[in-house]
Amino acid sequence: MRNAVKTTLSGFNIWFLSLWLVVPVLGFHSLQVQAADVSGEKEVVVYSSRKEHLIKPVFDAFTAETGIKVSYLTGKDNALIERVKAEGAATPADVLMTVDAGNLWYAASQDVFQPIQTPLVKASIPAHLRDPDGLWTGLSIRARTIVYSSERVKPIELSSYEQLAEPQWKGRLCLRTAKKVYTKSLVSALLAHHGESQTSQVIQGWVDNLAAVPMAKDSHIMDAIIAGQCDVGLVNTYYFGRLQEKNPEVPLKLYWANQQTTGTHVNVSGAGILKHAKHPELANRLLAWLASDSAQELFARLNKEFPANPAVKSDPLVAAWGAFEQDKLNLQQVGALQADAVKLMQRNGYR
C-alpha cells in the first residue's frame, strides 16, 4: 500500500508539472488542483469555465458544511472539454462545470460523463433543465430575452423573438454574434419549435432589421441601446442584472418574450460527473449539495441568475423583474440542434 501511494503521488507530481507548463497556452485563469486523499483528506476536483469569483464562495461554503475540500481549475469551455478528452482515464478531475446547454450537450456527446447518481438532483431540478439520461444537470438559470429602451419603446410594442423580425424594427435591432453559444442555443430552440422554413424567415428578418453588425458581447448591445444606436436587443438576463446593480437608473428594461406561445428561452450553467472521476461519491455529494436550497440561493445570487430549483427564491434584484413562463423544451434538444442552427444562420447572412 505504501509503495502504491508513492507511485500515485509521483505520477501526479509529473502531471502537475506538465500542467503548469501548458496552462499559459490554454489560457486557464486559476489553478488550485492538488492530489486528493493522499493524506486521508476528502477532496473533489472540479474543472470549471465559471470564473473563480463565482465559484470560490460556493466551494468554500460546501467545504465549511461538509469538510470536503474542493480543488479547481478554471478555463474556457472548449479548452476544458478537450483537456478532459485528452487526459482520458488519467484526468484528476471529478466534475466538469460549464455554461450553456450547448457545451454540456457537446461534453456528453464526447462520452466524458457518467450518470449522476444522487436522487436529490432529480428531485430538485426540473426535467427540462437536466439531461434525459442523467449525464448533466443545470444548476442556475439565465433567460435570454428582450431588452429595450425605456425611453423609446413601449412594452405593448413587444411580444416575441419572432416579432423582432417584422418591419417595424428595421434599423432598430441589435444582436450578439452568431458565433456565441448563447445565440446558437436560442436559434436551436426556434428550430425545435418551428422547423427550418419558419426559423429561416425569422433569422432573415433579424438580419434585415439590424442597426449594426452583430456584437461580441451582451454588454455591447445594452450600451448601443443606451447610446441610441438601436432600440431593442436580445441579452442574457444576468448581464442586465450586473448593469442594473451598478446603475439602478439605467434607461433599459427587460421584456419576457413569447409569454403567449412557447415561453421565454432559458439556458443554464451546469455540471456533470466525469466518466473517469476518481471520487464519484464525493462528486455526487457536491452536486446534491449544489441543488440544495442554501447553495442554490448563493450560486444564483453571485451572478444575478435564477435558481434552477424552483422552490428557491431569487435575489431581490432579479425577483423585481417579475415572474415569467419558461420554455420547457428540454435543453438536450437545444444542444443537439446547434450544428443545424449554425448552418441556418450562415445561409441567412447572420454572422
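Observations on the model:
- Taking only the alpha carbons of the range 199-351, we obtain Rg and Dmax values of 18.3, 54 Å in that order.
- Charge context of Q332, other residues only, Cβ under 11 angstrom, K/R +1, D/E -1: -1
- At an R0 of 51 angstrom, the distance between the Cβ atoms of E41 and Q163 translates into a FRET efficiency of 0.35.
- Neighbour cut-off at most 12 other Cβ (10 Å), DSSP loop, GluC sites (Glu not before Pro), the range 108-183: E151
- Whole-Å semi-axes of the range 115-240's equivalent ellipsoid (Cα gyration tensor): 31, 17, 13
- Treating r as the C-beta distance of D111 and K179 and R0 as 25 Å, the FRET efficiency rounds to 0.45.
- Sites listed here are GluC sites (Glu not before Pro) in the range 275-351 whose DSSP assignment is loop and whose Cβ has at most 14 other Cβ atoms within 10 Å: E325.
- Set of the range 123-140 residues, backbone N closer than 15 Å to the point 7 Å along the Cα-Cβ line of A61: 139-140
- Stretched out straight at 0.36 nm per residue, the stretch from Q198 to E151 would grow longer than its current Cα-Cα span by 13.7 nm.
- By the helix-only formula, in which each DSSP H run with n ≥ 4 contributes -39500 (n - 2.57) and the sum is divided by residues, the chain has a 222 nm mean residue ellipticity of -13500 deg cm²/dmol.
- Each Lys and Arg Cβ is given +1 and each Asp and Glu Cβ -1; about its Cα centre, the chain then shows a dipole of about 520 debye.
- Magnitude of the charge dipole, the range 190-292, Cβ model with Lys/Arg +1 and Asp/Glu -1, debye to 20: 520 debye
- At least 24 Å along the helix axis (C-alpha) and Kyte average at least 1.6, DSSP helices within the chain: none
- Gyration tensor verdict on the range 273-351 (Cα atoms; rounded if a/c is under 1.5, prolate if a/b is larger than b/c, oblate otherwise): oblate
Where a number appears in this text, it was derived from the coordinates with a stated rule and is not lab data. Note that the coordinates shown come from a computational prediction; the quantities given were computed from them, not determined experimentally. Counting neighbours? That spans all protein chains shown, and the Cβs are built from the backbone with ideal geometry, glycine included.
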